[in-house]
Amino acid sequence: GEDVEQSLFLSVREGDSSVINCTYTDSSSTYLYWYKQEPGAGLQLLTYIFSNMDMKQDQRLTVLLNKKDKHLSLRIADTQTGDSAIYFCAENRGNMLTFGGGTRLMVKP
Amino acid sequence: ETGVTQTPRHLVMGMTNKKSLKCEQHLGHNAMYWYKQSAKKPLELMFVYNFKEQTENNSVPSRFSPECPNSSHLFLHLHTLQPEDSALYLCASSQVMGESTDTQYFGPGTRLTVL
């Protein structure tokens with residue numbers, strides 16, 4: 001299986017919260033990232049969290065990190081249709097980024 | 001706009017053609033990367049250049065040939081490609097590869113179709 005794992009698909013209603021989960025493997029990863037990819041576009045850096053933090057909040061985005069379980073999550077509050085995209089988590093492993101397979105978020109009006 | 005541009009955005013080529021993809025970054029970064037994104041695989045790192053020197057070649061077939069003339073520009077020369085090479089090719093840059101705090105910024109990608 002993939003070293004960085006994400007569920008493939010998430011569907012939510014507009015206005016609800018979305019939670020996208022990720023598990024990673026390298027406990028020595030210094031930074032963990034969330035990228036967003038809209039159709040036909042490249043990857044947009046959304047946010048990142050340093051490994052000595054448990055939580056980081058940036059407007060509607062909240063990142064939670066559980067180092068013991070190697071679990072990372074991205075919560076999007078008040079999800080909008082414009083949030084529909086593929087979300088990738090990535091870990092900084094050995095000075096290189098290793099990406100998960102991406103979670104496709106679909107927001108229904 | 002991330003400060004990383006790629007041209008062309010779309011490319012259709014035959015298996016006997018030779019073409020090149022171009023990436024330019026306006027961020028003053030020193031490291032540049034090529035990734036391949038296929039429909040059914042995770043993002044795959046292909047090549048890394050750090051201060052114009054190639055530091056990673058992730059077992060990429062020789063029909064892909066990278067070139068980095070300076071820290072701002074990166075090319076991917078393509079020849080004798082196969083249909084399975086059809087994918088989105090993404091370029092990224094970062095300040096300095098190898099530092100644990102390094103963050104990569106991506107271009108919009110070139111959608112390549114090999115007929």
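The values are calculated or read from the model by the stated rules, or taken from the named source; none is laboratory data. Quick caveat, the model's predicted, so the values are computed rather than measured. Cβ placement follows ideal geometry from the backbone for every residue including glycine, while neighbour counts extend to all protein chains displayed. Remember, those area values only see protein heavy atoms, side chains included, never the ligands or the DNA or RNA. Shrake-Rupley method; radii C 1.70, N 1.55, O 1.52, S 1.80 Å.
Test B:C23 against the criterion of being touching a residue at least 12 places away in the same chain (Cβ under 8 Å), of a type outside the set (S, T, N, Q) and within 13 Å of chain A (Cβ to nearest Cβ), and give yes or no. Considered against the rule, which asks whether it is touching a residue at least 12 places away in the same chain (Cβ under 8 Å), of a type outside the set (S, T, N, Q) and within 13 Å of chain A (Cβ to nearest Cβ), B:C23 comes out as yes. Look at (1) open to solvent by less than 40 Å² (accessible area, probe 1.4 Å); (2) within 14 Å of chain A (Cβ to nearest Cβ) and you find that B:V60 fails only one, number (2).
Among the criteria (1) in contact (Cβ under 8 Å) with a residue 24 or more places away in the chain; (2) within 14 Å of another protein chain (Cβ to nearest Cβ); (3) of a type in the set (D, E), the one B:D85 does not fulfil is (2).
Picking from residues in the range A:9-26 that are open to solvent by 70 Å² or more (accessible area, probe 1.4 Å) and not in a strand (DSSP E or B), the one that is nearest to B:L112 (Cα to Cα) is A:E14. Among the residues of the range A:76-109, which ones are under 14 Å from A:E14 (Cα atoms) and of a type in the set (K, R)? A:K108, the sole residue that qualifies. Taking the criterion of being out of contact with any Phe, Trp or Tyr (no Cβ under 7 Å at 6 or more places or on another chain) and touching a residue at least 60 places away in the same chain (Cβ under 8 Å), the residues of the range B:57-82 that qualify are B:H79, B:T80, B:L81, B:Q82. Restricting attention to the range B:30-46, which residues are within 16 Å of B:N70 (Cβ to Cβ) and within 12 Å of chain A (Cβ to nearest Cβ)? Those that are within 16 Å of B:N70 (Cβ to Cβ) and within 12 Å of chain A (Cβ to nearest Cβ): B:A31, B:Y33. Among the residues of the range A:29-44, those identified as modelled with pLDDT under 90, at negative phi and not hydroxyl-bearing (S, T, Y) are A:P39, A:A41, A:G42. Within the range A:38-61, being in contact (Cβ under 8 Å) with a residue 40 or more places away in the chain, hydrophobic (A, V, I, L, M, F, W, C) and farther than 16 Å from B:D102 by Cβ holds for one residue alone: A:L46. Counting the residues of the range A:31-53 that are at the interface with chain B (Cβ under 9 Å from one of its Cβ atoms), open to solvent by 30 Å² or more (accessible area, probe 1.4 Å) and under 16 Å from the mean Cα position of the chain (by Cα) gives 5. Taking strands (runs of 3 or more DSSP E) as the structural unit, those lying wholly within the range B:8-60 and holding at least 1 residues that are under 26 Å from A:G40 (Cβ atoms) and touching an Asp or Glu at 6+ places or on another chain (Cβ under 7 Å) correspond to B:31-37, B:44-50.
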